[in-house]
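I have placed the structure first, in the form of structure tokens, so that the comments after it can refer back to it.
The values are calculated or read from the model by the stated rules, or taken from the named source; none is laboratory data. Owing to the predicted nature of the structure, the values given are computational and were not obtained by experimental measurement. Counting neighbours? That spans all protein chains shown, and the Cβs are built from the backbone with ideal geometry, glycine included. Note: accessible area is taken over every heavy atom of the protein model, side chains too, but ligands, DNA and RNA are not part of it. Shrake-Rupley method; radii C 1.70, N 1.55, O 1.52, S 1.80 Å.
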Number of protein chains: 2
Amino acid sequence: MTAHTLHDRLVAGIRELILRGELTDGARIPEAALCTRFTVSRTPLREALKALASEGLVTLRPNRGAVVAPLDAPGLAQVFEAKEALERFIGLHAATRADADDLAALEGLHADLAAARDAGTYSEVNAAFHDRLAAAARNAPVQQMYAALQVQVRRARHAINHDPRRMQASLAEHEGIMAALRIRAPLDLAERLARHNAATARAFLAQFDGRA
Amino acid sequence: MTAHTLHDRLVAGIRELILRGELTDGARIPEAALCTRFTVSRTPLREALKALASEGLVTLRPNRGAVVAPLDAPGLAQVFEAKEALERFIGLHAATRADADDLAALEGLHADLAAARDAGTYSEVNAAFHDRLAAAARNAPVQQMYAALQVQVRRARHAINHDPRRMQASLAEHEGIMAALRIRAPLDLAERLARHNAATARAFLAQFDGRA
DNA sequence: CCGGGGTTTTCTGCATTCATTTTTCGGATC
DNA sequence: GATCCGAAAAATGAATGCAGAAAACCCCGG
């Protein structure tokens, strides 16, 4: 966690604060408070905020401070829609490009996922699994874009209640994903990932529509 | 162009310097020089560099300054590969979601493209056309990711010689793209955009392989 | 003529400080 | 009692200053 540069540490730290829900949606981000929190001066902190703004996690209002970028239902729907395009890409290429290490790691994560009890660890392992799969597609820009979208989804997770039945269905979908990956079936894997994404989107948006 | 905040002005300004080729690939970016160039102090300039780093245009080496992010042939190939995924998405959705304003603007840009004489204006109008098409897909994350990838491509443009025959072929492809758009044919538009992207990628990479 | 070591110089990273804008709070007025 | 206005307080935007690291330079030895 503690990177060599303050900048990296701050970017990761603030992102984590938002992901963990300590900084809630639309909340103001007072520079002074975070400075004392991380024991740094405002200069590096402000640099980190600019970077996170470029990443889409925070919104900078000139002369009026930074807020956690609000994410409403239409915005989240767009995130899932965009993610589908990347999921298809990842499925298509990860099926052929994943090496032995990737496969081993994914099998391990898949086992962890099946063993996950509470929704929190399930989400965490799930994110790790999909990130690893994205890495297996061997395309740096896609991997980076995918990670950014995943962050948005993970952020929204705090605003919803997880349905245990959805967890079961998700796990079943993951079984199919692993099966397609094991036999290296690109089209099948792409299709399964796209549908998995769509199903997750439905589950999220059903909960999310009520609020925001 | 000149935004109200110093930050935006600097980000746009430095990005422009890189796109125009004034800051060449892999070149060090001395903070002091840019400070005098833009008549600002180092603080906002450094913030801008962090933002551009998060955007992928510059690389920050701790304690060793910033450099224009080097882009080699494999990297550029990945950019085009990633762009194909987004092109398909854009074609699929722009075909159904483009409104009258979009269509009018795209017809206008298409006419400008056909009228373009030199490679410079062609590239410029071409980028504007594709950005407008991306906007017509009505998906903010995709639009932003697409813009970032376009920047990488535009940056590589300085390193290659444009083949006039490629310009002709490109224009012909654009005719097909407009035709698919006019009749709102999603699958056809997606396929044409993907092939257009692939053809452009081949033209770029053929030139690019020799160097870098 | 080339390479190595130590010093000087430059440059980056961060803290501090100053100016300007926004927000807040108090009081007067209706 | 609510509202509007103004001053105080706080927060942001930007410049400057300072410590430490990297790079450049110079001098010396081989």
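Please work out if A:R138 is modelled with pLDDT of 95 or more and outside any helix (DSSP H, G or I). So A:R138 passes the test. One residue stands out in the range B:51-66 among those that are open to solvent by less than 30 Å² (accessible area, probe 1.4 Å) and either hydroxyl-bearing (S, T, Y) or not in a helix (DSSP H, G or I) (or both): the one that is farthest from DNA strand D (Cβ to nearest atom), namely B:G56. Of all residue pairs spaced 6 or more apart or on separate chains, those with beta-carbon atoms under 9 Å, a first member in the range A:142-154 that is more than 12 Å from A:F89 (Cα to Cα) and facing chain B (nearest Cβ under 9 Å) and a second member that is basic (K, R) and surrounded by 20 or more Cβ atoms within 10 Å (Cβ to Cβ) are A:L149/A:K83; A:Q152/A:K83. Just so you know, in the range A:67-101 the residues that are more than 10 Å from chain B (Cβ to nearest Cβ), among the aliphatic types (A, V, I, L, M) and assigned to a helix (DSSP H, G or I) include one that is surrounded by the fewest Cβ atoms within 10 Å (Cβ to Cβ), and it is A:A100. Cβ separations smaller than 8 Å between residues 6+ apart or across chains give the following pairs from the range B:30-50 residues that are on the phi < 0 side of the Ramachandran plot to residues that are within 8 Å of DNA strand D (Cβ to nearest atom) and assigned to a loop (DSSP other than H, G, I, E, B): B:C35/B:S41.
In the range B:3-45, how many residues are of a type in the set (V, I, T), more than 15 Å from DNA strand C (Cβ to nearest atom) and open to solvent by 70 Å² or more (accessible area, probe 1.4 Å)? Residues that pass the stated criteria total 2. Quick check, is B:A48 of a type in the set (A, V, I, L, M), within 12 Å of DNA strand D (Cβ to nearest atom), buried (at least 18 other Cβ atoms within 10 Å of the Cβ) and assigned to a helix (DSSP H, G or I)? So B:A48 passes the test.
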